[in-house]
Amino acid sequence: MNRAEQIQRLGKTTKWDVLVIGGGATGLGVAIDAANRGFKTLLVEKHDFAKGTSSRSTKLVHGGVRYLAQGHVDLVKEALRERGLLAKNAAHLVKNQSFIIPNYRFIDKIMYRVGLSIYEKYAGKLSLGKTKSIDKEETLKKLPNLVAKKLKNGVVYKDGQFDDSRLAINMAQTAIEQGACVVNYAKVSNLLKDNEGNLSGAEITDETNGKTFEIESKAIINATGVFTNEIMQMDKKTYRDFVVPSQGIHLVLDKEFLQSNEAIMIPKTSDGRVLFAVPWHDKVVVGTTDVLVEKAELEPKPLQDEVDFILKTAGLYMEKKPTRKDVKSVFAGLRPLAAPKKEGKRTKEVSRSHKIIVSSTGLITITGGKWTTYRQMAEDTLSKAIKLRKLDKRECKTRHLSIHGNIPKEQVDMANPLYVYGSDITAIQNLQLEKPEYAEKIHPDYNYTTAEVIWAMRNEMALTLEDVLARRIRLLFLDARAAIECAPKVAIIMAKELNHDDQWIKHQVNNFTKLAETYLLV
Ligand SMILES: Cc1cc2nc3c(=O)[nH]c(=O)nc-3n(C[C@H](O)[C@H](O)[C@H](O)COP(=O)(O)OP(=O)(O)OC[C@H]3O[C@@H](n4cnc5c(N)ncnc54)[C@H](O)[C@@H]3O)c2cc1C
């Protein structure tokens, strides 16, 4: 996955079948499907792949227990099917995760046991394992840091867990392998129309040098998440806001706050949401919240109240209670909610079932959904595009399409620090053998090596220090202070590989440090 090659292809090709705007889960899924069906496909992402919401999820591949409780059976069934398919198509990244609901009232055991058994039944052949009840002793044995006072028992169920931005990078590689042209740091800066006012193409700006390209495309797919309004208004100035952003944050803590490989699921917090504490790369991710915010931003900022809420709620269930100084990293993500049609009306979630909107000029907007359901969202979007945009009728074949890096489940060795690379592990190990300095760690407390930094630049289109430390290696999300500490070292490695000067190193370290400080609480 080489950016120079992709840009060259973009420069040489003016006519495309499908243009996808946005390189998050949704856009990347559409690009894979379109290319796999044999359409000439171009995807552009204005920043880096998964820079938006798609690197800021709770890291669950799940049906959504909450939606079952709300009676959205079809949505849950769809997500459970997609969970099962993804566990097979990206086995190197999707882990079978055990969750425990701790019950402090006897009645809850029956309710959750029954509810979760139905949840698992809906997964059919793609079930990840049976739901069971465990007594108080076993619950505490599995979760030693759980508050024991008044605990009655626990319910154990299975769901999927993954690394979101790593999957996004592997999806970009898959799209390219299927024949798509995929470029990060390339923005749709304008939409172009024919004489009848129908959408015919777009102007794309290479954000690294300001160069612009005009391209034509039979179908244009707007997959820009909380930036949906911007593209819709580029199409028609008269569009009202279609989505408003709602923020959810997560705190990352040391494993001592869980002391377990099992995750905790709290079905109902004081704000009526679900709270998860999920093991992730030797840390624990705790979240999330749901707060309307003014603006769609690529780098949303956690609010004091959100942080306090999570610390307080987690503290109700954890014997050793987390405080601000225990937070290794805090990150915020934005979900698109349906804007009210009239002012004063309540905002409603663009239900997690996705929505496809077609404008009178032909712009196809896909929004909502979940990471888990990206493949089905892509299938539905392409089917719509084929129907409306003079594309040849070709069937979707992504159900059993492997994502780059996929290896058989039995071969995944989670004890190997390189396990997230799947079928690329050997190539990275070869880099470590090639030069002794490539085997060096980038930070003494973490297993990440120089080879992974080199790999990210050569094969995963990483251009900046942030691309490497936030979305190829997840250090910014796991331990922001450690990320700041190793930034100068990683910048020097990158400058050598990419032929950049000292000024570049200084600029990158400054920018990254400023950003990473916003992931710290103290
Ligand atoms: C707090 C939180 C927790 C979540 N947890 C889970 C979970 O555990 N499991 C799950 O399944 N789902 C989860 N979700 C949902 C999931 O993360 C989202 O559904 C998914 O990431 C949305 O992806 P997207 O591609 O639509 O949006 P994004 O990832 O935001 O991608 C949109 C992209 O469009 C780009 N873009 C914008 N304008 C332009 C332009 N003009 N030109 C080019 N590119 C442009 C942006 O830079 C951005 O990268 C969670 C969501 C939130 C907010």
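Below are the figures for this structure:
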{"read-out": "With all protein chains modelled, accessible area of Asp206 [1.4 Å, Å²]", "value": "10"}
{"read-out": "Karplus-derived HN-Hα couplings along region 472-489 (A = 6.51, B = -1.76, C = 1.60, θ = phi - 60°), whole Hz, x at Gly and Pro", "value": "8, 9, 9, 4, 4, 7, 8, 7, 5, 5, 4, 4, 5, 4, 8, 4, x, 4"}
{"read-out": "Over region 1-88, volume per residue of the alpha carbon convex hull, in Å³", "value": "133"}
{"read-out": "Convex hull (Cα only) mean projected area of region 377-446, reported in nm² to one decimal", "value": "8.2"}
{"read-out": "Cα gyration tensor shape of region 170-220, rounded if a/c is under 1.5, else prolate or oblate by comparing a/b with b/c", "value": "oblate"}
{"read-out": "Relative contact order [Cα under 8 Å, 6+ residues apart], region 173-278, whole percent", "value": "13"}
{"read-out": "Cβ-based net charge around Val252, under 12 Å, with every Lys or Arg adding one and every Asp or Glu removing one", "value": "+3"}
{"read-out": "Mean ellipticity per residue at 222 nm, deg cm²/dmol - from DSSP H runs of n ≥ 4 across the chain, formula -39500 (n - 2.57)", "value": "-10500 deg cm²/dmol"}
{"read-out": "The chain, dipole about Cα centre (Lys/Arg Cβ +1, Asp/Glu Cβ -1), debye to the nearest 20", "value": "2000"}
{"read-out": "Residues with amide H under 5 Å from that of Val243, placed H, sequence gap 5 or more", "value": "Asn229, Ala339"}
{"read-out": "Computed accessible area, Leu143, all protein chains, 1.4 angstrom probe, square angstrom", "value": "0"}
{"read-out": "Heavy atoms of Glu395: accessible area, 1.4 Å probe, square angstrom to 10", "value": "130"}
{"read-out": "Relative contact order (%) - criterion: Cα under 8 Å, at least six apart; region: the chain", "value": "19"}
{"read-out": "Thr289 long-range amide H proximity, modeled H, under 5 Å", "value": "Ile249"}
{"read-out": "Cα-based equivalent ellipsoid, the chain: semi-axes from gyration tensor eigenvalues, Å", "value": "35, 29, 22"}
{"read-out": "Ranked packing of 373-379, 245-251, most packed first, by mean Cβ within 10 Å", "value": "373-379, 245-251"}
{"read-out": "C-alpha center-to-center spacing [region 217-245, region 1-78] in angstrom", "value": "16"}
{"read-out": "Nearby aspartates and glutamates by direct alpha-carbon distance to Lys387 (threshold 16 angstrom, same-chain neighbours under 8 apart not counted)", "value": "Asp17, Asp33, Glu379, Glu395"}
{"read-out": "Packing-based ranking, highest mean first, of 316-323, 50-57, 232-239 given that Cβ atoms within 10 Å are counted", "value": "50-57, 316-323, 232-239"}
{"read-out": "Calculated from backbone phi, Karplus (6.51, -1.76, 1.60) coupling profile of region 261-272 in Hz, x at Gly/Pro", "value": "8, 8, 9, 9, 10, 9, x, 9, 8, 5, 9, x"}
{"read-out": "Quotient of C-alpha Rg and 2.2 N^0.38 Å, computed over region 222-338", "value": "1.24"}
{"read-out": "Largest to smallest accessible area among Lys301, Lys158, Lys397 [probe 1.4 Å]", "value": "Lys397, Lys301, Lys158"}
{"read-out": "Portion, in percent, of the accessible area of the chain that falls on carbon or sulfur, probe 1.4 Å", "value": "50"}
{"read-out": "Loop-located trypsin sites (Lys or Arg not before Pro) in region 89-119 whose Cβ has at most 15 other Cβ within 10 Å (DSSP)", "value": "Arg105"}
{"read-out": "Where the chain is the region considered: accessible area per residue in Å², 1.4 Å probe", "value": "42"}
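The values are calculated or read from the model by the stated rules, or taken from the named source; none is laboratory data. For clarity, every value in this text was computed on a predicted model and none was experimentally measured. So basically every Cβ, Gly included, is an ideal-geometry build from the backbone, and we count neighbours across all protein chains shown. Side chains are part of the model used for accessible areas, which takes the heavy atoms of the whole protein and leaves out ligands, DNA and RNA. Shrake-Rupley method; radii C 1.70, N 1.55, O 1.52, S 1.80 Å.
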